[in-house]
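To start, the structure under review is shown below, and the notes come after it.
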Amino acid sequence: MVKTPEEYFADLSFAPPEQGTAASLSDAERAFVQKYLGGETVAALPVQSPLAAMPCTGTEQIRAPAEMPSAPAAATAGQYRHDAAAAPKAAVPLKSHLAAQDKVQMVSFYVREQIFLLPVCVIVEVLRYMPLTRLPMAPPFVAGVVNLRGRVTPLLHLDALLTLEQQYHYAPGNFIVVCNGKDMQLGFIVDKIHTMYMIDQRKINWNAENQLGASADFLYGLAEVGDHLHGIIDPEVIVEKLLDI
């Protein structure tokens, strides 16, 4: 029997992320702190340790594809956290790693009524809305920053990067897709989680720049799902933009 996305996420069992410390900041995290927090450090931010996550809204009975693999037995319901060790090492560009696979598992979610995809191998966890610290010096696409169990984690308005919307919001109804970029953890603000797909490589165009429009700079390419094309988000490029501005 094929599971709904709600059942799939609820069955996943993951240990909590390890606590980080200011001394263990990566080069990218240190650059972010220096650029946007000034003399403050991540230790000065309130520590967020959310226990509950809601990866799916629960109101839409969208069924996952039949080829989606079954999940391990559950120990923690309601929280989705992926083993970050499964992501390829930095020496191998993530796009090249993904393009070499026969199939790529991805999570889909809504941003302003548009569906976008993110490879499962970069996702750390999916969380509910949480308080953040605003950053006056940051560009508009940065909602703020949180100290997520010791990791400095910018929360980003994906609608500012991927759509033509001019008004951005972060409210209790939003979800946060926490993922790994280039030596840095990011939190993508999304409207709701859609489902999961196992997409055949033949259905993915990794060189679709002329089809991507305004969001081309932040997408790996396009994936064909049914009769629709959905953009695949590139977290590594988003980290570069965050630090280069």
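The values are calculated or read from the model by the stated rules, or taken from the named source; none is laboratory data. Bear in mind that the values here come from a model prediction, so they are computed numbers and not experimental data. Don't worry about glycine lacking a Cβ; one is built from the backbone with ideal geometry, like all the others, and counts go over all protein chains shown. These accessible areas exclude ligands, DNA and RNA; they are computed on the full protein's heavy atoms, side chains included. Shrake-Rupley method; radii C 1.70, N 1.55, O 1.52, S 1.80 Å.
In the structure shown, do any of 35/95; 182/203; 95/192; 182/241; 95/182; 35/241 have a Cα-Cα gap over 23 Å, and if so which? Intermediate results must be reported in sequence, preceding the final value.
Details: 35/95 28 Å; 182/203 26 Å; 95/192 25 Å; 182/241 11 Å; 95/182 13 Å; 35/241 13 Å.
Long pairs (Cα-Cα over 23 Å): 35/95; 182/203; 95/192.
Once amide H atoms are built 1.01 Å from N in the peptide plane, which residues 5 or more positions from residue 125, or in another chain, come under 5 Å H to H?
The answer is 82, 178.
Would you pull out the residues with amide H under 5 Å of residue 112's amide H, same chain only if 5 or more places away, H placed 1.01 Å from N?
Placed amide hydrogens put 191 under 5 Å from residue 112.
Along the positive direction of the dipole of segment 176-245 (beta-carbon charges: Lys, Arg +1; Asp, Glu -1; about the Cα centre), which of 194, 176, 221 reaches farthest?
Farthest along the dipole direction, towards plus: 194.
If we count every other residue with Cβ under 9 angstrom of residue 109's Cβ, Lys/Arg +1 and Asp/Glu -1, where does the sum land?
Working: positive: 192; negative: 191.
Net charge around residue 109: 0.
What do you reckon, how do 234, 244, 183 stack up by accessible area (1.4 Å probe), largest on top?
On the way: 234 15, 244 125, 183 100 Å².
Of 234, 244, 183, the descending order of accessible area is 244, 183, 234.
Can you pull the accessible area of residue 35 for me, 1.4 Å probe, Å² to the nearest 10?
Surface open to solvent at residue 35 totals about 70 Å².
Tabulate in residue order the Karplus-calculated ³J(HN,Hα) for segment 182-187, using 6.51 cos²θ - 1.76 cosθ + 1.60 with θ = phi - 60°, rounded to whole Hz; enter x for Gly and Pro.
After applying 6.51 cos²θ - 1.76 cosθ + 1.60, I find 7, 6, 8, 8, 10, x Hz.
Amide H to amide H, which residues 5 or more places from residue 181 or on other chains are under 5 Å from it, using H placed in the peptide plane?
Counting only residues 5 or more places away or on other chains, the set is 186.
Taking a probe of 1.4 Å, how large is the accessible area per residue of segment 133-245, in Å²?
Ligands and nucleic acids excluded, the result is 41 Å² per residue.
How much of residue 165 can a 1.4 Å solvent probe reach, expressed as accessible area in Å² and rounded to 10?
80
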